[in-house]
1. So which of 57, 49 is aromatic (Phe, Trp, Tyr) and under 13 Å from the mean Cα position of the chain (by Cα)?
2. Provide a single number: the residues in region 19-78 that are of a type in the set (Gly, Ala, Ser) and surrounded by 22 or more Cβ atoms within 10 Å (Cβ to Cβ).
3. Looking only at helices (runs of 4 or more DSSP H) that lie completely in region 1-86, which have at least 3 residues being in contact (Cβ under 8 Å) with a residue 24 or more places away in the chain and over 22 Å from residue 126 (Cα atoms)?
4. Given (1) modelled with pLDDT under 95; (2) closer than 23 Å to residue 5 by Cβ, identify the lone condition not met by residue 92.
5. Identify, please: which residue in region 87-134 is of a type in the set (D, E, K, R) and part of a loop (DSSP other than H, G, I, E, B) and is, among those, farthest from the chain's Cα centre (by Cα)?
6. Restricting to region 71-109, what's the tally of residues that are under 25 Å from residue 49 (Cα atoms), of a type in the set (A, V, I, L, M, F, W, C) and out of contact with any Leu (no Cβ under 7 Å at 6 or more places or on another chain)?
7. List every residue pair whose Cβ atoms lie under 6 Å apart, where the two residues are 6 or more positions apart in sequence or sit on different chains, the first residue falls within region 93-113 and is open to solvent by 90 Å² or more (accessible area, probe 1.4 Å), and the second residue, located anywhere, is not acidic (Asp, Glu).
Amino acid sequence: MRGKPELVRGWLMKAQSDMTAMEASRGAGALDAACFHAQQAAEKFLKAFLTHKGVEFPPTHNLAKLLRLCAESDPSFATLLSVVEPLTPYAVELRYDVDFWPSADVVAEAQTAANRVREFVLARLPEQVTEGIR
């Protein structure tokens, strides 16, 4: 059975993979996909933190819900609410909206938000699990 550090690292690696996919999608002009991967990366970084803290979380794409759970262990997470709220719709609702074609500015904002969540979470995890992720 994998221990908690391995599970946290697994979430971080999945999140980093989404960061890579976000950048590749943006570069290829698939801006809607870039937004989706920005949301997915933020979600997985938050789930990595929750796993590190031993906090169970529901199967959800709602970043505000996950953030509230994070804030129960570390109140500073509450400062990210305005950062993550715009990302949540990219998980499901807008992914299947045939009229959603984000501008380059919208994608840049999503990428900035995902990067902010990434740095915030990584700063709060032990180096043993973040090695190679930074």
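1. 49
2. 5
3. Output list reads 4-28, 31-53.
4. It is condition (2) that residue 92 fails.
5. It comes out as 99.
6. 6
7. Going by the 6 Å Cβ cut-off, the qualifying pairs are 95/36.
The values are calculated or read from the model by the stated rules, or taken from the named source; none is laboratory data. Values in this document were obtained by computation on a predicted structure and should not be read as measured data. Note that we place each Cβ from the backbone using ideal geometry, even for glycine, and neighbour counts take in every protein chain shown. To get the accessible areas, we keep the full protein, side chains included, count just its heavy atoms, and leave off ligands, DNA and RNA. Shrake-Rupley method; radii C 1.70, N 1.55, O 1.52, S 1.80 Å.
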